[in-house]
Each structure stands twice: as structure tokens, then as C-alpha cells.
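Peer 1: To start, I am sharing the structure in question, which I have written as C-alpha cells.
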Amino acid sequence: MIYADNAATTKLDLDAFNAMRPFLLEDYSNASQPYSFAKASKKALKNARESIAKCINAEPNEIFFTSGGTESDNWALKGIVNLHKPNSVIITSEFEHHAVLNSCKYLESCGYKAKYIRPTKEGFITPKSLKSAISENAVLSSVMMANNEIGTIQPIKELCAVAHENGLIFHTDAVQALGHIRVDVKDLNIDMLSCSAHKFNGPKGIGFLYIKNGVEIQPYINGGAQEGGMRGGTENISAVVGMAKALEKNIAAIAENTEHLQKLEQTIVHLLSSAKIDYIRNGAQPQISGNLSLSFKGAEGEMLLHRLDLMGIMVSTGSACDSQNTQISHVLKAIAAPNEYAKGTIRISLGKDNTTDEAVKIAKALIHILKGK
Ligand code: PLP
């Protein structure tokens, strides 16, 4: 099998797995207990929080462990907006992940208002478009750091500055960015940032929300005193430890991984172009390396996905067929991808373990399907 769907999830890093093991089999205590057996769990939790904070240049008490990206996004949006009076406004973009979009829909059903900024055709939210979307009663702005379908990296520092100049809190969903590009919360000056371990070779079902000291937010899960009383529930120590290990490793190897992934991308793009395949790559640079959203003229994305699957290649699609129509994803619609191409979209998301040989096989498989050669 060739796995090329790393934006959906990644393989657990072996060192992360080995770091997790003792906390499942030996040091399995509840970190909240006062007895000596709980010392190892407490220490592991503290170390992991410190290590993760260091990776994004935050303070340890600004890191709140959650069950992943979806929970972090829900918490960031609802936890802030709920503190404000109904008809307060949240400003986001049309091409956010559904964790953000559906949180906004929920808030709208509670009487709040949401504004969705349209990205440029190249896949960017500009500071100018954020500025013109800000209206009276706007309290929060949420724009993702990197888009999960087309990989475009947003100008977060500039967007955050615009939000702050207008008195808004700024949140970013960095699920597709962390571990792939450098993230420094102090330099960006952001207020909240959502992350998910399984996108950077950590375990599934664990993530965190960074909340800058001083930002007022409601707790999300009411329960025990865990996470400073902000997010109740017995901590998943092994997952937290695995997340910290995977993040440290990926961050240490960002330059090397980026170079490798860019070579793999170029291999695919070069082979497709040499075979005169009619396609477009969605989004423009800067993009997350290894993320290739390709739209093939006259093709069906779902057909391509299944044909590649039969050849042992796993990718995802940007369009899905129902009985009558091909549904184009909200991201492709937002960037106004041309219809004759958009229907034939697949996302190839390469990871650090993919090889040049695999990139060649993916390109050749596509050429075979599209040209019958
Ligand atoms: N945000 C983005 C941009 C994502 O790509 C994803 C996952 O695909 C999520 C949020 C949700 O993360 P999780 O799977 O950890 O809930």
C-alpha cells in the first residue's frame, strides 16, 4: 500500500509509541491522586505540557489538553462567544474546517451572528478582507493557519494584527500547520490556537488548545479540577506523552521533512506535466509541503480515488458523487475552482515516510487511469 492521505491522519511515530507504552501498562495511575504511585503520571503530564509549550513558544499554563482539533475549535469559539451578548458577531472564513463552520452554525442558532469571508482564488484570506468584514459587535475572529484541502498558509500575523486593532480576539485552527511549519505564538501574537496530535505522527484523540494568559474564556467541559478547572476529565497521560514526543521530533526535523516533501511534490507534478495531463493545482504558495490538491479536467474525483485504491494508493477527494450530481467541496467552491476541473479533484498529501519511488508510482498510476497508458 502507498499511503498518501497524511492530511487525514498520520502513522504513529515509533518513538512516540514507545514513550506512551509505560503509561498504559505500568504507570497507569490517575494523575490527580495524592499517593506516590501517581508521581510518574503527574511528572509526565508536567513534562509534556512544558515540552509542548516550548515547541510553540508558549508558557506551560497556556496549554490545555483536549481530545483533538474538533474539541479545541469548539471550545475556542463557544467559550469566547458565550461570554458576550446575543447578536455579537464572529468573523471566520468560508473555507474553514467543519469543526469551526459548524460551531459557528450552532452559535448562529443561539442568536449570535457569523460572517464568512470568501478567500481569494489563490486560497488566501487577506488582512484587507478581514478588515472590511469587521462590524460593530464583532468579538472574535477565527481563521485557519493552513487549509486542510489545498494547504495554503494564511498570513496569520497580519490577520491577528487587524483583529487586535479592532478589539477582536483572534483564534487560529493550526491543525494542519503544527509540526509542518514553525509556529511561534508570541511572535504571531495570537490569542488561541487549536492543534491535533494525529496530524503530526502523534496518537489520535488528543490535542490541545493554546489560550494566551489573560484571555477570558468559559470552561468547555465541566467536571473535575483537571486542566486548571477549565476542561474536566481524567487526563489521557499516554496520549499526552505521545503527542509531546511526536511534536518534538517533527519540529526538530521540519527543514529536512520540508525539503524531502517538496522533492516528492515536484516529482509528481513533473511527471504529470510531461505526460501532458490537463490539470490544475489548487491554491498558490505558500502551501504546506506535500499537500497537492489536483483537479483533472473532465475527470471524477471519486472515480480517481477508487481506481487508485484498487492500485493500492490511498488519497482523498475534493468532490463526492451522489446519484445525480458531483458535489464539490466547500473549499473548492470558496476558491471558485473552475467546474470542469473541480469535479475531478483529489488531494495527495505526502508524509515524511513517503519515498521518491512511491511518488513516481502515484504519478504513473494517475497517468495510466487518465490516459489509459
Ligand atoms: N481542523 C482542521 C483544519 C483539520 O484538518 C481537522 C482534521 O481533519 C480538524 C480540525 C479536526 O481535528 P480532529 O480530527 O483532531 O478532531
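Bear in mind these aren't lab numbers, they're just calculated from the coordinates by the rules spelled out. Computed from a prediction, not measured in an experiment: that's the story for all the values here. We place every Cβ from the backbone using ideal geometry, glycine too, and count neighbours over all the protein chains shown.
Peer 1: Based on the alpha-carbon set only, what is the convex hull volume of the range 101-170 divided per residue, in Å³? Don't skip to the end; give the middle numbers.
Peer 2: Details: hull volume 6.1 nm³, N = 70.
In the range 101-170, the Cα hull volume divided by residue count equals 88 Å³.
Peer 1: Could you give me the ³J(HN,Hα) list for the range 184-193, computed from phi with Karplus coefficients 6.51, -1.76, 1.60 and θ = phi - 60°, whole Hz, x at Gly and Pro?
Peer 2: Taking θ as phi minus 60°, the curve returns 10, 5, 6, 5, 6, 6, 6, 8, 8, 8 Hz for the range 184-193.
Peer 1: List the residue ranges in the chain for DSSP H helices whose C-alpha atoms run 20 angstrom or more along the long axis and whose Kyte-Doolittle average is -1.0 or above.
Peer 2: 39-55, 237-252, 254-274, 356-371
Peer 1: What are the residues whose amide H is under 5 Å from the amide H of residue 173, where those residues sit 5 or more places off or on another chain and H is modelled from the backbone?
Peer 2: The list, which skips near neighbours in sequence, is 143, 144, 145, 194.
Peer 1: If you count the DSSP beta bridges with both ends in the chain, what percent of them are antiparallel, to the nearest 5? Please report the intermediate quantities before stating the final value.
Peer 2: Numbers: 24 of 43 bridges.
Within the chain, antiparallel bridges account for around 55 percent of the total.
Peer 1: So for the range 261-371, what percent of the C-alpha to C-alpha distances run longer than 24 Å?
Peer 2: Above the 24 Å cut-off, the range 261-371 has 18 percent of its Cα pairs.
Peer 1: Sort the following peptides by mean Cβ neighbour count (other Cβ atoms within 10 Å, averaged over residues), highest first: 298-304, 333-339.
Peer 2: Result, highest mean first: 298-304, 333-339.
Peer 1: Taking residue 39 as the anchor, which aspartates and glutamates have their alpha carbon closer than 13 Å to its alpha carbon, excluding any fewer than eight residues away along the same chain?
Peer 2: 26, 27
Peer 1: Sequence neighbours fewer than 8 away in the same chain don't count; with that in mind, list the aspartates and glutamates whose C-alpha is under 16 Å from residue 364.
Peer 2: The reachable aspartates and glutamates, counting only those whose Cα sits under 16 Å from residue 364, are 265, 278, 309.
Peer 1: Wrap a convex hull around the Cα atoms of the chain, take a quarter of its surface area, and give that in square nanometres.
Peer 2: The directionally averaged projection comes out at 19.2 nm².
Peer 1: Check each of the GluC sites (Glu not before Pro) in the range 203-245 and keep only those in coil by DSSP with at most 14 other C-beta atoms within 10 angstrom; list them in order.
Peer 2: 216
Peer 1: Let me ask something else. Straight-line reach from residue 131: which lysines have Cα under 21 Å away, leaving out those fewer than 8 places along the same chain?
Peer 2: Filter leaves 113, 115, 121, 157.
Peer 1: Additional query: If you take the alpha carbon radius of gyration of the range 192-294 and divide it by 2.2 N^0.38 Å, what ratio comes out, to two decimals?
Peer 2: The range 192-294 yields a ratio of 1.52.
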